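The values are calculated or read from the model by the stated rules, or taken from the named source; none is laboratory data. In this text the structure is predicted, and so the values were computed from the model without any measurement. Neighbour counts are summed over all protein chains in view; Cβ atoms, including those assigned to glycine, are modelled from backbone coordinates with ideal geometry.
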Amino acid sequence: MNHFQQIICLLSVILVVYFGFANGDKQCYVCRSYAEGEFYPHCPKDGDVNPQITWKENCTGHCFTRTDDLDDKLVYRGCSDSQWGLPDPLPPDGCYTYYLEVWCICNKNLCNGIAIGEGEIEFDAHIPKEIVSREFSISNSILCKPPVNFDEESI
C-alpha cells in the first residue's frame, strides 16, 4: 500500500468512527422552528432545513419531524431514540396523525430535513387493535385494582 492509499484508508476509518456509520447508524436533523417567540429560520415548518447550520445527531431509530399540539407554528425534528411513548414497532416511513399532532418518520440519513407533510392515518394503525386493547386491559387490571389489605391474622 502506497502512502496515498494509507492516507485515504486512515481518513475513511476516521470518518466512519466519527460519524458512527460503522454499525448502520444514521444522522437526523435536530431543531425546532422557534422558541420563546424567536423564529429559527434554519428549521422551518413548511420548508427545508439549512444543512450547514442545523444540528445533527447520530440515531439508531428513525428520524422524525412533528408538529406541536399546542402551537401550530412549532415543529420539532430529531431522532425517535429520544422520544418515549411512540408505537412499537414504528410504522413505515410517512406522515401520520398522533393525537392532535402530525408525525413524519423516515429511516434514511438526514431524511427529516424537508417540509412536514400531512398525516391522514393514525400513527399506531399498523398495530392490531386486539393486541393494543388486550395489553391495555391487562395493564389496567393490574394497575387499577384497589390495594389488598392484609391484616396480621391472615398472614
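Give the stretch 84-123 a look and list any residue that's assigned to a strand (DSSP E or B), touching a Ser or Thr at 6+ places or on another chain (Cβ under 9 Å) and exposed (fewer than 15 other Cβ atoms within 10 Å of the Cβ), or say none.
Looking only at the stretch 84-123, we keep the residues that are assigned to a strand (DSSP E or B), and these are 94-98, 101-106, 121-122.
Then drop every residue that is not touching a Ser or Thr at 6+ places or on another chain (Cβ under 9 Å), which leaves 95, 101-106, 121-122.
Passing the criteria: Ile121, Glu122.
Of everything in the stretch 124-133, what is assigned to a loop (DSSP other than H, G, I, E, B) and either in contact with a strand residue (DSSP E or B) (Cβ under 7 Å, 6 or more places away or on another chain) or of a type in the set (Val, Ile, Thr) (or both)? Give them in sequence order. Show your work before the answer.
First pass over the stretch 124-133, keeping only residues assigned to a loop (DSSP other than H, G, I, E, B): 124-128.
Once the filter is applied, which keeps residues that are assigned to a loop (DSSP other than H, G, I, E, B) and either in contact with a strand residue (DSSP E or B) (Cβ under 7 Å, 6 or more places away or on another chain) or of a type in the set (Val, Ile, Thr) (or both), the stretch 124-133 yields only Ile127.
Taking the stretch 20-38, which residues are at pLDDT 95 or above and not in a loop (DSSP other than H, G, I, E, B)?
Initial filter on the stretch 20-38 (at pLDDT 95 or above): 26-33.
Scanning the stretch 20-38 gives Lys26, Gln27, Cys28, Tyr29, Cys31, Arg32.
The rows are residues; the columns are (1) in contact with a helix residue (DSSP H, G or I) (Cβ under 9 Å, 6 or more places away or on another chain); (2) of a type in the set (A, V, I, L, M, F, W, C); (3) farther than 20 Å from Asp25 by Cβ; (4) at pLDDT below 95.
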{"site": "Pro51", "(1), (2), (3), (4)": "no, no, no, no"}
{"site": "Cys59", "(1), (2), (3), (4)": "yes, yes, no, no"}
{"site": "Phe64", "(1), (2), (3), (4)": "yes, yes, no, no"}
{"site": "Val75", "(1), (2), (3), (4)": "no, yes, yes, no"}
{"site": "Leu110", "(1), (2), (3), (4)": "no, yes, no, no"}
{"site": "Ser154", "(1), (2), (3), (4)": "no, no, yes, yes"}
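Report the residue count in the stretch 52-65 for those that are touching a residue at least 40 places away in the same chain (Cβ under 8 Å) and exposed (fewer than 15 other Cβ atoms within 10 Å of the Cβ). Please lay out each step first, then the result.
Narrowing the stretch 52-65 to residues touching a residue at least 40 places away in the same chain (Cβ under 8 Å): 54, 56, 62-65.
Imposing the further condition that a residue be exposed (fewer than 15 other Cβ atoms within 10 Å of the Cβ) reduces the set to none.
Matching residues across the stretch 52-65 total 0.
Starting from the stretch 36-51, keep only residues that are closer than 18 Å to Cys104 by Cα, then list their pairs with residues that are of a type in the set (Val, Ile, Thr) and not in a loop (DSSP other than H, G, I, E, B) whose Cβ atoms are within a distance under 8 Å, requiring at least 6 positions of separation or different chains.
Cys43/Val75; Pro44/Val75; Lys45/Thr67; Lys45/Val75
For the stretch 57-83: of the residues being assigned to a loop (DSSP other than H, G, I, E, B) and either among the β-branched types (Val, Ile, Thr) or under 9 Å from the mean Cα position of the chain (by Cα) (or both), which is farthest from Val102 (Cα to Cα)? Let's see the steps before the verdict.
Within the stretch 57-83, the first condition is being assigned to a loop (DSSP other than H, G, I, E, B), and the residues that meet it are 60-62, 69-70, 83.
Still in the running and either among the β-branched types (Val, Ile, Thr) or under 9 Å from the mean Cα position of the chain (by Cα) (or both): 60-62, 83.
On the way: Thr60: 22, Gly61: 18, His62: 15, Gln83: 15 Å.
Applying the filter and picking the extreme gives Thr60.
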